[in-house]
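A short write-up of the structure that comes next.
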Number of protein chains: 2
Amino acid sequence: MATRSTIMDTNSFRPDMAQGLDRTTRRLTEERGVLGPAYRLFYRRPVHLVKGRGSHVWDADGVEYLDVYNNVASVGHCHPRVVDAIAAQASALNTHTRYLHENILHYAQDILSTMPRELDRVMFQCTGSEANDLAVRVARTYTGGEGVIVTHEAYHGNSALTSGLSPALGTAQTLGLSMRMIPAPDTYRVGAQDGGPSPDSSGRWSAESFGAWMADGIRRAVADMERHGIAFAAFLADSIFSSDGVYPDPAGYLQPVIDTVHELGGVWIADEVQPGFTRTGDAFWGFQRQGIVPDIVTSGKPMANGLPTSLMAARHEVLEPFAGSIPYFNTFGGNPVCMAAAQAVLDVMRDEDTMGNSRRVGAVFKDALLALQSGHPCIGDVRGAGLYIGCEIVTPGTRLPDQSTALDILETLRMNHVLTSVCGRYGNVLKLRPPLVFSDDDVDLFINAMTTTLETLGV
Amino acid sequence: MATRSTIMDTNSFRPDMAQGLDRTTRRLTEERGVLGPAYRLFYRRPVHLVKGRGSHVWDADGVEYLDVYNNVASVGHCHPRVVDAIAAQASALNTHTRYLHENILHYAQDILSTMPRELDRVMFQCTGSEANDLAVRVARTYTGGEGVIVTHEAYHGNSALTSGLSPALGTAQTLGLSMRMIPAPDTYRVGAQDGGPSPDSSGRWSAESFGAWMADGIRRAVADMERHGIAFAAFLADSIFSSDGVYPDPAGYLQPVIDTVHELGGVWIADEVQPGFTRTGDAFWGFQRQGIVPDIVTSGKPMANGLPTSLMAARHEVLEPFAGSIPYFNTFGGNPVCMAAAQAVLDVMRDEDTMGNSRRVGAVFKDALLALQSGHPCIGDVRGAGLYIGCEIVTPGTRLPDQSTALDILETLRMNHVLTSVCGRYGNVLKLRPPLVFSDDDVDLFINAMTTTLETLGV
């Protein structure tokens, strides 16, 4: 079970795949040379999209695709209320936070109303990376420590600081000297591999024993930090552990972990870029599903349906030591247009009940995938919460990850006009994370395409 | 001449100023408590803007202001071509760089065509901070060094890395261990204060002697780095030295400096957030005005008229060691909507000749300010390039900075419905940096308001 060198390379196009592409696609892939080699393009046969509506997108030839990947278009591609809000505000005024504007104040109050009352301050940035970068600085100033703990396959951003906290970027990316990693809460394998807790007689973990095992990982990491003279500052985690491979259950297992973080003097930074904004179906935020109250919350991707917008919320006493002494200005962060887009997204989430849709359709989706399992033993595990589902591809009869088959499935799904990706330490977990307006019909479309794909591949 | 504790505090509103504000303004300033204390609000009597057109903005009471501060709305507030481009693309599709899209490729080629041919790669981010953060990582990977040199009052961003390279944030912000500072190229004071070069008999510096003095600063900084075991990576500088106080002349003085940076094994990162995009009137980029070719170029603010968009361009050989081994994905960076906005801005800059306007109107503006000098000896110096002008406020008959009078001027200008700010090490330089569509009539408006202001204050 070799770990991939980088999670971002899993289903990347490479120039040697250019033969056989149609003329336009080939020209476009060649023109991307000007962007340099750090950019990854999805698929052996890249997709050239030009239009989007709801959970569907179209390529330049008019071919329609089902989008089971894009969480940025959270309320659906090109939602008219968001588009109208952007256009209206962009034609009225776009400035910054050094002047007064109602949009930022209204949105700040509205988004904080979705959080536990302890989280009573919010600041705006443009990207999730910026939010996490700021969150770590705030945590360090509050605790006086430096050390940050993340999980083994975490991804938290592309800035110098956050890329050093993102082992998912691969071995070429140097990790921060003061960071430590703990195993992901891998309910599928962790018991056997890491001396973890034993499942009960039904093969399930209890939240208590699983949480105690994870809390022990925190204790060991902090002990190692202290051995090297590093004071503990924060545990930075996405409560659905998306890049680790999607591990939402058993809900409640994070309570002993946050208690341990606090006991050891650290703060909990909940990276809600992935599980937040009604994605998990049972709460607005992923951490609420786990029943914990973080010290700092960050988000980004789904917040404004594609306009660069992110946030960092915090308890006022945690924010104060940083914010009381250091000015923070983010030229575009919280500007009237971004705030108008974010407000429209939040309004749509309420009016169209995206949380209810995530819960209902997510359950149908997961059940349909579980039903596929019996005829297709390459599907080792199906897990998830709401419209975030991980589907583990393994060597039949074992729990050995089979990345090669996962990538074949991915590429064949793309040829069948379904867009998705993979995640997890071994790059073998199908990452099913559609816009929140995904419907029962979309589930049928996916299951049909998946069935065809599995039969085509004979797996 | 005490240095301010932070450049960002110069003309900030403080809660103890709330008395006397009208009810709405007071409510809005109070509601900002939810944003925490790191945000700065301009003016003793904050401005509540709701509408913008060209170089003019309006507050909620319908009062019109002349905007002599905002470079983000580079082609004018709410330019209809930019608004239309945003609305059209937002209603068609907004995705990311893992799928093919024409917008990013067309814009990449178009923006590189404005640069020297050596700069042949470009990557997109959302903020200038992200661009500078990435640029430093690229420079470090290419050179194998860590050390970065900036000027004494530089501001390069709000990420952990770039805030540590931003002494302008004030003394509460910890600077990076491996960074060093050199004096700004302060043509107004540096000769007397820092053992700098002597001006010629007409009181002017030659580019050669001034550049040699600055290059010597680089040599000393690198020697100090080496003394501490730090290898030199980059000189990160804004070629107009905006937060230092605006020092564009004598044009050509940066050539000996870049030669020295290269001789010592470093790269030159040109932070073009301020001087780029035709602002200086004589070239598209500030570094072109200086006749140098940087190794890396970053920009942000003026690029998409307010949509969060930034870039990092580089020579391919400089980018390769980083980009060839480390994947970089910026969720919103280079997305179709941001690229549509950026393309519209670039098209408008060409079609409306913003460079010509900057040159012409900037010259008229500077001459008009120089004409004010004789009757108002508090104006110690007027300098600038195109539509970026610094106006130094001093104790008459001396070169002693007078921040108190500068702030009084700023606040009185605001009461006379003109928006601007201050910059420089002593916070006493009026920063005149309007949208690039600033007109001759706007210059008249400003000069009238400034004359009234100076007379009101009796300075």
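The values are calculated or read from the model by the stated rules, or taken from the named source; none is laboratory data. In this text, all values refer to a predicted model and were calculated from it rather than measured experimentally. Quick reminder, even Gly has a Cβ in these numbers, built from the backbone with ideal geometry, and neighbours come from all protein chains shown. These accessible areas exclude ligands, DNA and RNA; they are computed on the full protein's heavy atoms, side chains included. Shrake-Rupley method; radii C 1.70, N 1.55, O 1.52, S 1.80 Å.
Listed values, structure above:
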{"read-out": "Which numbered condition residue B:44 misses (of (1) more than 7 Å from chain A (Cβ to nearest Cβ); (2) at pLDDT 95 or above)", "value": "(2)"}
{"read-out": "Any pair with Cβ under 7 angstrom, 6 or more apart, that starts in region B:216-245 at a residue that is in the same structural domain as residue B:293 (by TED's automatic domain parsing) and in contact (Cβ under 8 Å) with a residue 60 or more places away in the chain and ends at one that is part of a strand (DSSP E or B) and open to solvent by 20 Å² or more (accessible area, probe 1.4 Å)", "value": "B:221/B:180; B:225/B:180"}
{"read-out": "Hits in region A:89-123 (condition: more than 29 Å from the chain's Cα centre (by Cα), surrounded by fewer than 22 Cβ atoms within 10 Å (Cβ to Cβ) and of a type in the set (A, V, I, L, M))", "value": "A:92"}
{"read-out": "Total residues in region B:284-316, condition more than 20 Å from residue B:240 (Cβ to Cβ) and either away from chain A (no Cβ under 14 Å) or of a type in the set (Val, Ile, Thr) (or both)", "value": "1"}
{"read-out": "Residues of region B:392-448 classified as within 15 Å of residue B:67 (Cβ to Cβ), part of a loop (DSSP other than H, G, I, E, B) and polar (S, T, N, Q), total", "value": "3"}
{"read-out": "Any hit, region B:8-29, residues being of a type in the set (Asp, Glu), more than 9 Å from chain A (Cβ to nearest Cβ), within 22 Å of residue A:312 (Cβ to Cβ) and open to solvent by 10 Å² or more (accessible area, probe 1.4 Å)", "value": "no"}
{"read-out": "Tally of residues being open to solvent by 40 Å² or more (accessible area, probe 1.4 Å) and out of contact with any helix residue (DSSP H, G or I) (no Cβ under 8 Å at 6 or more places or on another chain) across region A:217-254", "value": "8"}
{"read-out": "Filtered residues of region B:47-66 (kept if under 15 Å from residue B:413 (Cβ atoms), among the aliphatic types (A, V, I, L, M) and either open to solvent by 20 Å² or more (accessible area, probe 1.4 Å) or more than 9 Å from chain A (Cβ to nearest Cβ) (or both))", "value": "B:63, B:66"}
{"read-out": "Of residues in region B:130-146 being polar (S, T, N, Q) and touching a strand residue (DSSP E or B) at 6+ places or on another chain (Cβ under 8 Å), the one farthest from the other protein chains (Cβ to nearest Cβ)", "value": "B:143"}
{"read-out": "Looking only at region B:317-341, and only at residues there that are among the small types (Gly, Ala, Ser) and within 10 Å of chain A (Cβ to nearest Cβ), the one that is surrounded by the most Cβ atoms within 10 Å (Cβ to Cβ)", "value": "B:333"}
{"read-out": "Residues satisfying the stated conditions in region B:147-162, i.e. touching a residue at least 12 places away in the same chain (Cβ under 8 Å) and either part of a loop (DSSP other than H, G, I, E, B) or within 12 Å of chain A (Cβ to nearest Cβ) (or both)", "value": "B:148, B:152, B:153, B:154, B:155, B:156, B:157, B:158, B:159, B:161, B:162"}
{"read-out": "Breaking point among (1) under 20 Å from residue A:211 (Cα atoms); (2) not in a helix (DSSP H, G or I), for residue A:287", "value": "(2)"}
{"read-out": "Scan of region A:92-109 for residues that are part of a loop (DSSP other than H, G, I, E, B) and among the charged types (D, E, K, R), ordered by number", "value": "A:98"}
{"read-out": "Test: residue in region A:238-260 that is closer than 22 Å to residue A:131 by Cα and not in a loop (DSSP other than H, G, I, E, B)", "value": "yes"}
{"read-out": "Pairs, first at the interface with another protein chain (Cβ under 7 Å from one of its Cβ atoms) in region B:95-110, second open to solvent by 30 Å² or more (accessible area, probe 1.4 Å) and assigned to a helix (DSSP H, G or I), C-beta under 7 Å, six or more apart", "value": "B:105/A:31"}
{"read-out": "Residue B:204 being in the same structural domain as residue B:129 (by TED's automatic domain parsing) and either surrounded by 24 or more Cβ atoms within 10 Å (Cβ to Cβ) or outside any loop (DSSP other than H, G, I, E, B) (or both)", "value": "no"}
{"read-out": "Count of region A:409-440 residues which are within 17 Å of residue A:247 (Cα to Cα) and over 13 Å from the mean Cα position of the chain (by Cα)", "value": "6"}
{"read-out": "Failed criterion for residue B:208 (all others in (1) without any contact (Cβ under 8 Å) to a residue 60 or more places away in the chain; (2) within 13 Å of residue B:151 (Cα to Cα) hold)", "value": "(2)"}
{"read-out": "Filter pass, residue A:117 being in contact (Cβ under 8 Å) with a residue 40 or more places away in the chain and charged (D, E, K, R)", "value": "no"}
{"read-out": "Hits in region B:79-88 - residues which are crowded, with 22+ Cβ neighbours inside 10 Å and without any contact (Cβ under 8 Å) to a residue 60 or more places away in the chain", "value": "B:83"}
{"read-out": "Residue list for region B:410-448, restricted to those being within 15 Å of residue B:42 (Cβ to Cβ) and among the acidic types (Asp, Glu)", "value": "B:411"}
{"read-out": "Hits in region A:124-159 (condition: under 19 Å from the mean Cα position of the chain (by Cα), surrounded by 24 or more Cβ atoms within 10 Å (Cβ to Cβ) and over 26 Å from residue B:127 (Cα atoms))", "value": "A:149, A:151, A:153"}
{"read-out": "Qualifying residue in region B:377-388 (condition: in a strand (DSSP E or B) and within 14 Å of chain A (Cβ to nearest Cβ))", "value": "no"}
